[in-house]
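Just so it is clear, none of the values below were taken in a lab; they were calculated from the coordinates. As the structure is a computational prediction, the values presented were derived from the model and not from experiment. Positions of Cβ are backbone-derived with ideal geometry, glycine not excepted, and every protein chain shown enters the neighbour counts.
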Amino acid sequence: MTSKTRKNARRPADRWMGLALAAGFLTVPGLAAAGSLDLFYERTVMTAADGRCGLFSAPIGSALAASQAQARGAALRAGADRSTLRSVELRARNKAAGVPCDSPDLAIASQRVNTAFEGYTKVLKMDYPGDMTVWKADRGSSAEFLRWRLIQDSKAGDTRVVFGLAGRTGANALLVIANFPEGEAPYAARLVMRDVDLTLGPYLDARGQAREKVPLSRRLPPETAQTAYSAEARSRAGTDLLPKDMTSGWAFRFPAEAARTLAGLDPRESVAIEFLFAGDRTQRTFIEVGDFAAGRAFLQVAAGR
């Protein structure tokens, strides 16, 4: 066998093993598009292979899925377009489909994934920074009290707003809590976002600005391309979910479908929460989509799903 032939023969194994060697890179800001696309490819290969061959335990599989979602977000923020991501994902899935489950290369790669992500499954808290804000994830155990599992802070004028996923042993509900001046109480709330059935991708009204500096108010499409989810429950906020510097507030719970749709949006865009008051008054705050999908997948590691 010639030197060139030996080099070519090693490439499949090297490509599989590259995943584990790069396992920690996603915590580093400013990933280049090429690097994040490589990570997205490798994580998609292993996620698809796991789905077909049952390579990993539920916690490791969920950790890998969270890392895949984060790699996707990093690639989009680094400038990759959606068509490129679709192409990379298809190539990765075809790669996984073409490798036998008993392949030695796959065995080596899966072992390295297990090694790389074993510690990750024990991490209880993680921050997912975006362009403007950050998602804070917490999957610590707490069967007795409700707690925020994935949360983002925002403002609506002088009103403090906290939004995200909450639950006891898992992330069971998509909630928003806001405090208003004494005597003011919204009778309803709705979550407004891009209608994925009417659009081909995110709406980013840059107006010549760098993408990361575009305000959240210009990352939501016009009304004709929006959809909205009305809150399905309203109540006084319990003390278990109130931030320490909030003495009271109103809580609204959105349907589970809203969380699933939010997870499928582009990390560069925003959604809006609208609070409805008597007299046709509406108060609006914006939430950065960011790595909501990655944070949500991170929470599922604890649940073993």
Within the chain, pairs of Lys residues whose Cα atoms are less than 20 angstrom apart, provided they are eight or more positions apart or on distinct chains, add up to 8
Using alpha-carbon positions, the gyration tensor of the stretch 45-161 gives root eigenvalues a ≥ b ≥ c; with a/c under 1.5 called rounded, otherwise prolate if a/b exceeds b/c, else oblate, the class is oblate
With only helices counted (DSSP H, runs n ≥ 4, each -39500 (n - 2.57)), the per-residue ellipticity at 222 nm for the chain, to the nearest 500, works out to -12000 deg cm²/dmol
Taking a ≥ b ≥ c as the square roots of the eigenvalues of the Cα gyration tensor, with a/c under 1.5 meaning rounded and otherwise prolate when a/b exceeds b/c and oblate if not, the stretch 107-233 is oblate
FRET efficiency (residue 232, residue 198; Cβ distance; R0 35 Å; to 0.05) is 0.90
Length gained if residue 87 through residue 184 is fully extended, taking 0.36 nm per residue and subtracting the Cα-Cα distance, is 29.9 nm
With label points set 7 Å from each Cα along the Cα-to-Cβ direction at residue 172 and residue 218, the distance between them in nm comes to 4.3
Between the modelled labels at residue 153 and residue 225 (7 Å from Cα along Cα→Cβ) the distance in nm is 3.2
Most fluctuating of 210, 74, 189 in the GNM of the chain (C-alpha, under 10 Å) is 210
Within the set 207, 112, 284, GNM on the chain using Cα springs under 10 Å gives the largest fluctuation to 207
Least to most buried among 269, 212, 42, by other C-beta atoms within 10 Å and fewest first, runs 212, 269, 42
On each of the three principal axes the extent of the alpha-carbon atoms of the stretch 229-305, given in whole Å and largest first, is 43, 28, 23
So, relative contact order of the stretch 130-290 in percent, Cα under 8 Å, 6 or more apart, is 27
Taking a ≥ b ≥ c as the square roots of the Cα gyration tensor eigenvalues, with a/c under 1.5 meaning rounded and otherwise prolate when a/b beats b/c or oblate if not, the stretch 168-305 comes out oblate
Extend 7 Å from the Cα of residue 209 along its Cα-to-C-beta direction; within the stretch 219-243, residues with backbone N under 15 Å of that point are 219-221
